[in-house]
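Notes to accompany the following structure.
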Amino acid sequence: MKLFSSVNDVTDLNALVAEALQLKQNPYAHQQLGKNKTLGLVFLNPSLRTRMSTQKAGLNLGMNVMVLNMDKEGWALELQDGAIMNGSTVEHIREAAAVMGQYADIIGVRSFPGLKDRNDDYSENIFNKFVKYCGVPVVSLESATRHPLQSLADLVTIEELKTKPSPKVVLTWAPHVKALPQAVPNSFAEWMCKADVDFTIAHPKGYELCTDFTQGATITNNQGEALAGADFIYVKNWSAYEPYGKVFGGNEDWMLTNAKLKNTNNAKVMHCLPVRRNLELSDEILDGENSIVIHEAGNRVWAAQAVLKRMLENL
Ligand code: CP
């Protein structure tokens, strides 16, 4: 594997999930694979889970790991080709990415969307420029439109905890005070559409996701109807795709509560984190026995380790 940016980069989904679960059982079995190899993790935006879990995954494989918080510690990057750099940017992404490729054998990049220009965000301008200019394998640490390491960890979690062959999985929109990217729900949807699950998306009118990511999903504006019989509920806020990046206010009643779990199959509740308590998810859910959010976050290590292992095997 030379690129991990979406589910489309995975040829054998079930095998990758199985590999992640094997690594969970035996984390240090492949320490020789990463010996004298360097993982460079570049963050243009904040992170807790992705930073620490991917770092740990690299260390488990015997790699050296370097982290650059580009937003705080790096030079201000110029992205525009042909730019006359007489403003605030100091280094062009062409040189920055190429230099990083001299220091690292595999590079991870986090680059959030601006949520202003949909065409620019959905072209994955920043992430693709890193891929183009760094010259080494690249793993997405969350890009403008996708968060594949999160989605792989989510699928690993569902595979690990499911009690039937094809569980009902519901992605439900949740309230928030800010406009958030569509990367996590886009990504979760496209992974679930390829997995062996019965997948439903519930959201208020106006929050339709780009249909490129939702092919095969059942989509409804009725949360109660969607939750009926659910085995797993994935809670997440996102802003509108059209008009792009907008939030409409209201819909506070979409927050998941214990009362809403009554009609489910004692559903396990997931969230990628960070989560705003009593806005996106209630205390009673997060502190209750149906929540698996910490378990899910723990699985981020094995998802990242499975991907890095495949990249190391291909160097
Ligand atoms: N879920 C997730 O990606 O968390 P971080 O933003 O903290 O990395």
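The values are calculated or read from the model by the stated rules, or taken from the named source; none is laboratory data. Being a predicted model, the structure only gives us computed values, none of them experimental. Please note: Cβ atoms are built from the backbone with ideal geometry, for glycine as well, and neighbour counts cover all protein chains shown. Areas reflect the complete protein model, heavy atoms only, side chains present, ligands, DNA and RNA absent. Shrake-Rupley method; radii C 1.70, N 1.55, O 1.52, S 1.80 Å.
Looking only at the range 279-302, filter to residues that are assigned to a loop (DSSP other than H, G, I, E, B) and surrounded by 14 or more Cβ atoms within 10 Å (Cβ to Cβ); which one of those is nearest to the ligand (Cβ to nearest atom)?
Asn299
Among the candidates Gly101, Gly87, which residue alone is at pLDDT 95 or above, assigned by TED's automatic domain parsing to the domain that holds Asn45 and touching a Cys at 6+ places or on another chain (Cβ under 6 Å)?
Gly101
Would you mind stating whether Thr200 is among the polar types (S, T, N, Q) and open to solvent by 40 Å² or more (accessible area, probe 1.4 Å)?
Criteria not met by Thr200.
Evaluate the following for Gly245: is it of a type in the set (Gly, Ala, Ser), over 20 Å from Ala144 (Cβ atoms) and not in a helix (DSSP H, G or I)?
No.
Are there helices (runs of 4 or more DSSP H) fully within the range 7-95 with at least 2 residues that are open to solvent by 20 Å² or more (accessible area, probe 1.4 Å) and more than 16 Å from the ligand (Cβ to nearest atom)? List them.
Of the helices (runs of 4 or more DSSP H) lying wholly inside the range 7-95, those with at least 2 residues that are open to solvent by 20 Å² or more (accessible area, probe 1.4 Å) and more than 16 Å from the ligand (Cβ to nearest atom) span 13-25.
Please pick out the residue among Val156, Val136, Val131, Val99 that is touching a residue at least 24 places away in the same chain (Cβ under 8 Å), over 17 Å from the mean Cα position of the chain (by Cα) and in a helix (DSSP H, G or I).
Val131
So, of the residues in the range 139-153 that are of a type in the set (A, V, I, L, M) and in a loop (DSSP other than H, G, I, E, B), which turns out to be farthest from the ligand (Cβ to nearest atom)?
Looking at residues that are of a type in the set (A, V, I, L, M) and in a loop (DSSP other than H, G, I, E, B), I get Ala144.
For (1) under 18 Å from Leu256 (Cβ atoms); (2) under 16 Å from the mean Cα position of the chain (by Cα); (3) assigned to a helix (DSSP H, G or I), each residue gets a yes or a no:
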position: Asn186; (1), (2), (3): no, yes, yes
position: Trp191; (1), (2), (3): no, yes, yes
position: Asp196; (1), (2), (3): no, no, no
position: Ile201; (1), (2), (3): yes, no, no
position: Gly206; (1), (2), (3): no, no, no
position: Leu209; (1), (2), (3): no, yes, no
position: Asp212; (1), (2), (3): no, no, yes
position: Gln215; (1), (2), (3): no, no, no
position: Gly224; (1), (2), (3): yes, no, yes
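Give me the pairs, please: first residue somewhere in the range 251-278 and in contact (Cβ under 8 Å) with a residue 24 or more places away in the chain, second residue anywhere and more than 16 Å from the ligand (Cβ to nearest atom) and open to solvent by 60 Å² or more (accessible area, probe 1.4 Å), beta-carbon distance under 8 Å, and either six or more positions apart or on two chains.
Once the first residue is in contact (Cβ under 8 Å) with a residue 24 or more places away in the chain and sits in the range 251-278, its partners that are more than 16 Å from the ligand (Cβ to nearest atom) and open to solvent by 60 Å² or more (accessible area, probe 1.4 Å) give Met255/Asn278; Thr257/Glu284; Asn258/Glu284; Arg276/Val177.
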